[in-house]
Amino acid sequence: MQQPKRLFDFAYYQKEHYNLSHAFVDKVEGHWKATSITEFIDKGNSISRALLRLNIEVNDKIALISMTNRSEWNICDLGILQVGAQDVPIYPTSSKEDYQYILNHSESVICFVSCQEVYDKIAAIKDQVPSLKHIYSFDVLQDCLHWSELLTLGTDQSNQAKVDQIKSNVSQDDLATIIYTSGTTGKPKGVMLSHQNISANIVRSADRLPIDLGRSKALSFLPICHIYERMLSYMYQYCGVEIYYAESLETISANLQEVHPDVMTAVPRLLEKVYDKIYAKGAALTGLKRKLFFWAVSLGLVYEPYGQNGWWYEFQLKIARALIFKKWQEALGGKLRAVASGSAALQPRLARVFNAAGIPIMEGYGLTETSPVVTVNDFRNHNFRIGTVGKAIADTEIKFAADGEILVKGPQIMMGYYKDPDLTAEVIKDGYFHTGDIGEMDADGFLKITDRKKEMFKTSGGKYIAPQVLENALKQSRFIEQVMVIGENQKMPAALIQPNFDFVKDWGQNKKYDLPTDNHALNQHPKVVARIQEEIDGFNARFGKWEQIKRFELTPEVWSIELGHLTPTMKMKRKVIHQRYSDLVEKIYADTRV
């Protein structure tokens, strides 16, 4: 078979080249259940035949909403794309209002849901979505049709020739999917990606994946509705990688121990939590074990790749890996050869300490609009540099606008925003996609992201502030879980901070302070406020006077997707946070306003 060009080609490519018996593996009632690539394709064809019998036509839109990644999602994806329809993946944590908007805007005619929780939200707004004709669930629910009814409807193969005919007419340039961005500013935008956009990204990114073709395993848990994990699911098919689906975020540790994956993806927030958990265990040690643990960590925090720290450092690192870091590796399954980190900026200290520990974290950069990969690090051939997002993949051109904005051209650039030609024209000019990110490139071609263009602001004194730089520094503190820098048109920058409540309580216990358990009361405690001020003072020393955090307020809630602070990809909704804590913002600037 020639190189895959349409998304459904990747399954057939895997069958021809690797014919995996464990192509997709789900945890069902406590046991891992494998779907072979042959069974996967057969079920995908059953879905295609059933959809034609439901009178689905070319260019119809079908929504997919699942709380967890599961093989049913991929089977339906294959079945939908083969009949020339497009799927519309939706974040399960979106509000029912967003569900209603996306389903109406896309004019979806069928919706697949994973479970009761998602179905209830869909049922609540179904009457407001005139286009929606059918809802099917992956779980067995009392009040919803089960997806197996489509498999049964598609058992009769008499219309397979029609499926094959439609499939052969699908072009690589045709629209494959509409992915609605998570909406940090207003209504979600429908990003239109063609088969070619994603396929080209897969083929050009595959050589950055350090695995053995046909003999590796991946653990998948980041939402597959996001282009990042979805593109990788096709890449795994292309490279003959067995895909194991984690049961949930809470079970990742156990699943890593069971699966022993060679590769997985992560977002920086998850890596921070893993590090904090390891650090907390180390801090609980005593005597020589404790000293060895912190010696290894201090070694890791100054790590440089390729032996740049010299032979004595490498000798010590070898000992640290044997005594301490080997346990870190075992906690993550013991076989990881690459952890692809994306979606947000990775703190250099995490890149250093994990790579020192022999857990290769490879940071990359991309957006939904770029299908998604633009650049990615790769430890091989000296293509890895800490503090950068790596080098551009093949056939991708990067240049910079006068203000430092990153502009990208390549086969992965989206077709445009659905039903919004004006907005499309704003971001794609002369073939270059304007990313909205500010960055710079070093002489060796490594890209560094410095800020979001729209998030930069100017103080009343006319000084520009890059909030992400300050936020990424402050989040290195174990006392600080989340932070948002504010101060547009104000005299000075300030910060809204969500403390790491668990750590603060542990710290108070160790210090034998009588701290309250209630988060609101905890935030008011003089010892806590003073300690966080101490942290901020330490980081302020790194910055110019005009950009230092002069005042801060602590927020009592844990910032979450559910409460609206964060998007489903864990990015801050700045306007929402600003409005939610407007009283704290007012308090900060009440007696400092010009």
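The values are calculated or read from the model by the stated rules, or taken from the named source; none is laboratory data. Computed from a prediction, not measured in an experiment: that's the story for all the values here. FYI the Cβ positions are ideal-geometry reconstructions off the backbone, even for glycines, and counts take in every protein chain you see. Side chains are part of the model used for accessible areas, which takes the heavy atoms of the whole protein and leaves out ligands, DNA and RNA. Shrake-Rupley method; radii C 1.70, N 1.55, O 1.52, S 1.80 Å.
Structure above, values below:
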read-out: Spherically averaged projected area of the chain from its Cα convex hull (nm²); value: 28.6 nm²
read-out: The range 84-132, accessible surface, carbon-and-sulfur percent (1.4 angstrom probe); value: 46 percent
read-out: Å² per residue, accessible surface of the range 61-156 at 1.4 Å; value: 35 Å²
read-out: Debye log10 I(q)/I(0) for the range 415-474, one point scatterer per Cα, at q = 0.15 Å⁻¹; value: -0.67
read-out: Surface accessible to a 1.4 Å probe, ILE486 within the full protein complex, Å²; value: 10 Å²
read-out: Alpha-carbon Debye profile of the range 472-522, log10 I(q)/I(0) at 0.28 Å⁻¹; value: -1.04
read-out: Two-decimal log10 I(q)/I(0) for the range 392-434, as the Debye equation yields it once each C-alpha is a single scatterer, q = 0.23, 0.25, 0.31 Å⁻¹; value: -0.79, -0.89, -1.10
read-out: Ellipsoid semi-axes in whole angstrom, largest first, where each is sqrt(5λ) of the Cα gyration tensor of the range 447-563; value: 27, 15, 13
read-out: FRET efficiency, 1/(1 + (r/R0)^6) with R0 60 Å, evaluated for TRP312 and LYS133 via beta carbons; value: 0.30
read-out: Cα convex hull volume per residue for the range 282-353 (Å³); value: 114 Å³
read-out: Whether the range 181-328 is rounded, prolate or oblate, judged on the alpha carbon gyration tensor where a/c under 1.5 counts as rounded; value: prolate
read-out: Dipole magnitude of the range 421-545 about its Cα centre (Cβ charges: Lys, Arg +1; Asp, Glu -1), debye to nearest 20; value: 540 debye
read-out: Prolate/oblate/rounded label for the range 1-125 (Cα gyration tensor, a/c 1.5); value: oblate
read-out: The range 104-253 - Rg over Rh from alpha carbon coordinates, Kirkwood radius; value: 0.98
read-out: Rounded percent of accessible protein surface that carbon and sulfur make up, the range 414-537, 1.4 Å probe; value: 45 percent
read-out: The range 231-310 - Rg and Dmax from Cα coordinates, angstrom; value: 16.9, 50
read-out: Net charge of neighbours whose Cβ lies under 14 Å from the Cβ of TYR244, counting Lys and Arg as +1 and Asp and Glu as -1; value: -1
read-out: Cβ charges +1 (Lys, Arg) and -1 (Asp, Glu), total dipole of the chain, debye; value: 1860 debye
read-out: Cα pair distances of the range 53-117 binned at 5 Å [whole percent]; value: 4, 17, 29, 24, 17, 7, 0
read-out: Rounded percent of accessible protein surface that carbon and sulfur make up, the range 165-324, 1.4 Å probe; value: 57 percent
read-out: Zero-based 10 Å bins, Cα pair distances in the range 1-60, whole percents; value: 20, 38, 32, 10
read-out: Normalised contact order of the range 401-519, rounded percent, pairs of Cα under 8 Å and 6 or more residues apart; value: 15 percent
read-out: Loop-located chymotrypsin sites (Phe, Trp or Tyr not before Pro) in the range 110-151, at most 13 other Cβ atoms within 10 Å (DSSP); value: none
read-out: Cα pair distances exceeding 21 angstrom across the range 522-594, given as percent; value: 43 percent
read-out: The range 324-482 shape via C-alpha gyration tensor axes, a/c threshold 1.5; value: oblate
